[in-house]
Amino acid sequence: MDEALLRSLTPSVIGILVRRGADFAAAEDAVQDALVEAVRAWPADEPRDPKGWLVTVAWRKFLDATRSDTARRRREDLVDEEPPPGPATAVDDTLQLYFLCAHPSLTPSAAVALTLRAVGGLTTRQIARAYLVPEATMAQRISRAKRTVSGVRLDRSGDVATVLRVLYLVFNEGYSGDIDLAAEAIRLTRQLAAAIDHPEVAGLLALMLLHHARRASRTTPDGGLVPLAEQDRSRWDTAAIAEGIGILQEALARDRLGEFQAQAAVAALHADAPTAAETDWVQIVEWYDELVRLTDSPVVRLNRAVAVGEADGPRAGLTALKEVDETVPRHAAVAAYLHERDGDLTTAARLYAEAAHQASNRAERDHLTRQAARLNTARP
């Protein structure tokens, strides 16, 4: 069985059923039933037109389900509407399916789960393992999401920005269980980039590639965090970096700057530096200024304070940090780093300990705890 083929065909088959009149939940269920049939039948007799086979079987599954709970007139209308056998339509509904799964009425977690199920072709069990939640919990989340979008038609252009944020959420989950969500997010974003000509889609793909290129150097063998300045750059994926920079340059040349392109530009400057000491922090500050203009995000302002501290000295960084609300996540960690660089080890140690207490995961907490212990040991 070519599992990758099945996963790649899933979104377009769902889209075809929805366009024919099936609601989203029923279409997705019917396609899942068709995939089960494919797993059973294809090893012995693989069809010449896999997509057409899936569309035919899924449509029949949908009709079978419809006959059991729909009024007679509607049943007969659907049967009459069944198209004759033949090659599947060449229209690609994948893009509209992205928009449907990122519908504004869904919570971020529901949109992510539905995207992985309907567009990514993952099973509920795989998604549950990736998010470290019980399968029943994930099944309920996906069922609620499908009910929410069941009445939404695939007849209007969707919000690209919402789709990109959902894909970025998937990417930031990284890796857990048997599914590499970062790699899955890159695959889905490539698919989206092939379906839509949009500089921000290219910007997000470039950003993902540039971040993912550093993955092997981000942790120690026992799972400890390795800061960017201390990473072994020989372990970075130079092919992914080159691809990401190439995609970014093409997007920037279109002069339609967006936040993902600006974030990718920051990542490219880090990736392009042979050593941490050779990082062009002045340009990075300039890109963060663009990001502040585009988003006015407190997280962007926090990262800008770090960049200012590197470009103009720790005191300038601390001045920039005063503009950021202290409740922003990782504020204490940034303040600790800048105070340490300014020579105030007592304040830095206290802030590292405070940041460790606020950390959202064990790896980050352990790293910040070690930083605090290091400074407490170094002080007279």
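Of the residues that make up region 194-201, is at least one open to solvent by 20 Å² or more (accessible area, probe 1.4 Å), of a type outside the set (Phe, Trp, Tyr), on the phi > 0 side of the Ramachandran plot and modelled with pLDDT under 95? First the steps, then the outcome.
Quick first cut of region 194-201, residues open to solvent by 20 Å² or more (accessible area, probe 1.4 Å) only: 194-198, 200.
Pick out the ones that are also of a type outside the set (Phe, Trp, Tyr) and you get 194-198, 200.
Retained after the next criterion (residues that are on the phi > 0 side of the Ramachandran plot): none.
Within region 194-201, not a single residue is open to solvent by 20 Å² or more (accessible area, probe 1.4 Å), of a type outside the set (Phe, Trp, Tyr), on the phi > 0 side of the Ramachandran plot and modelled with pLDDT under 95.
Could you check how many residues of region 335-366 are open to solvent by 40 Å² or more (accessible area, probe 1.4 Å) and in contact (Cβ under 8 Å) with a residue 60 or more places away in the chain?
1
Take Asp159 and tell me if it is under 19 Å from Val13 (Cα atoms), modelled with pLDDT under 85 and of a type outside the set (Gly, Ala, Ser).
No, not satisfied.
(1) assigned to a helix (DSSP H, G or I); (2) open to solvent by 70 Å² or more (accessible area, probe 1.4 Å); (3) not acidic (Asp, Glu): which one isn't true of Arg254, the others all being true?
Only one criterion in (1) assigned to a helix (DSSP H, G or I); (2) open to solvent by 70 Å² or more (accessible area, probe 1.4 Å); (3) not acidic (Asp, Glu) is unmet by Arg254, namely (1).
Under 8 Å between Cβ atoms, which residue pairs at least 6 apart in sequence (or on different chains) link something in region 82-110 that is in a loop (DSSP other than H, G, I, E, B) and surrounded by fewer than 17 Cβ atoms within 10 Å (Cβ to Cβ) with a partner that is at pLDDT 80 or above and of a type in the set (A, V, I, L, M, F, W, C)?
As it stands, the answer is Glu82/Trp59; Glu82/Leu63; Thr89/Ile16; Val91/Ile16; Asp92/Ala195; Ser105/Val149, since those pairs meet every condition given.
Can you tell me how many residues in region 281-313 are open to solvent by 60 Å² or more (accessible area, probe 1.4 Å) and outside any helix (DSSP H, G or I)?
1
Would it be correct to say that Leu169 is in contact with a Pro (Cβ under 8 Å, 6 or more places away or on another chain) and not assigned by TED's automatic domain parsing to the domain that holds Gly246? Talk me through it step by step, then tell me what you get.
Working: in contact with a Pro (Cβ under 8 Å, 6 or more places away or on another chain): yes; not assigned by TED's automatic domain parsing to the domain that holds Gly246: yes.
Taking the combined requirement at face value, the residue satisfies it.
Check Leu167, Leu122, Leu154 and return the single one that is at pLDDT below 80 and closer than 26 Å to Ala202 by Cα. Steps first, please.
Working: Leu167 fails: at pLDDT below 80; Leu122 fails: at pLDDT below 80.
Result of the check over Leu167, Leu122, Leu154: Leu154.
Hey, could you check region 215-241 for residues that are surrounded by 14 or more Cβ atoms within 10 Å (Cβ to Cβ) and of a type in the set (A, V, I, L, M, F, W, C) and say which is farthest from Pro274 (Cα to Cα)?
Looking at the filtered set, the residue picked out is Leu225.
From the residues in region 367-380 that are open to solvent by less than 50 Å² (accessible area, probe 1.4 Å) and not hydrophobic (A, V, I, L, M, F, W, C), which one is nearest to Thr219 (Cα to Cα)?
For region 367-380, the residue satisfying everything is His367.
The values are calculated or read from the model by the stated rules, or taken from the named source; none is laboratory data. On a predicted model such as this, the values are computed, not experimentally measured, just so you know. As a convention, Cβ positions derive from the backbone with ideal geometry for all residues, glycine included, and neighbour counts pool all protein chains shown. What goes into the accessible areas is simple: the full protein's heavy atoms, side chains included, and nothing from ligands, DNA or RNA. Shrake-Rupley method; radii C 1.70, N 1.55, O 1.52, S 1.80 Å.
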